[in-house]
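A short worksheet on the structure shown next.
Values quoted throughout were computed directly from the atomic coordinates according to the rules given, and no laboratory measurement underlies them. Only a predicted model underlies this, so the values are computations on that prediction, with no experimental measurement involved. For neighbour counting, all protein chains shown are included, and Cβ atoms are generated from backbone atoms with ideal geometry for every residue, glycine included.
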Amino acid sequence: MLFLIAFLFPTLAAVLGPKPISSVELTLSTRGTTKTLTVSATRAVVDINGAKQSQKITPEQWKKLLDQINALDLPRLHILESPTDRSAVDAAYNATLRVTTPQRRYETASFDHPNPPKQLVALLRTLVESAPKAAREEFR
């Protein structure tokens, strides 16, 4: 009986509803440059090669991000395919998206920036709009 409960619990937890999100992070990298945008419930932090900027985000911005994240199938995030592979020859930034919950981190496979899998377009647009204004262009 205990085995059955232990086996079914993760499946039931996945079915019971959206997971609480701790943060969402977009990382862009190419030779010599790494750009990271991390957004949590209260702050957006940009790190470009070690130079950091941050700003508060509104509850409305966080809710919009959560709504878009919860529309995704997080356990299958890693199988979304990049429509192009220009980052393989340094013609585009290599990008990854990470969604962190208290229990787990979900991560996409690498994709070209600014050409993500179509399922991520709206979320990435909203994520970038959460960044400090001076840094937004770095992620467009």
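Amide H to amide H distances under 5 Å link Ser110 with no residue, where only residues 5 or more positions off or on other chains count and H is placed in the peptide plane. The count of lysine pairs in the range 18-140 with alpha-carbon distances below 23 Å, taking only pairs 8 or more places apart or on different chains, stands at 16. When Rg and the Kirkwood Rh are both derived from Cα coordinates, the Rg/Rh ratio for the range 21-139 amounts to 0.94. Taken one residue at a time, the phi angles of the range 106-117 give Karplus couplings (6.51, -1.76, 1.60, θ = phi - 60°) of 9, 9, 7, 6, 4, 9, 6, 9, x, 10, x, x Hz. Gly and Pro are set to x. Placing a label point 7 Å from the Cα of Thr30 along the Cα-to-Cβ direction, the residues of the range 97-133 whose backbone N falls under 11 Å of that point are 113-114. Pairs of Cα atoms nearer than 8 Å and 6+ residues apart set the relative contact order; for the range 21-139 it is 30 percent.
The stretch between Glu129 and Asn70, if pulled fully straight at 0.36 nm per residue, gains 19.4 nm over its current Cα-Cα span.
Taking amide H atoms as placed 1.01 Å from N in the peptide plane, the amide H of Ala92 lies under 5 Å from those of Ser87, each 5 or more residues away in sequence or on another chain.
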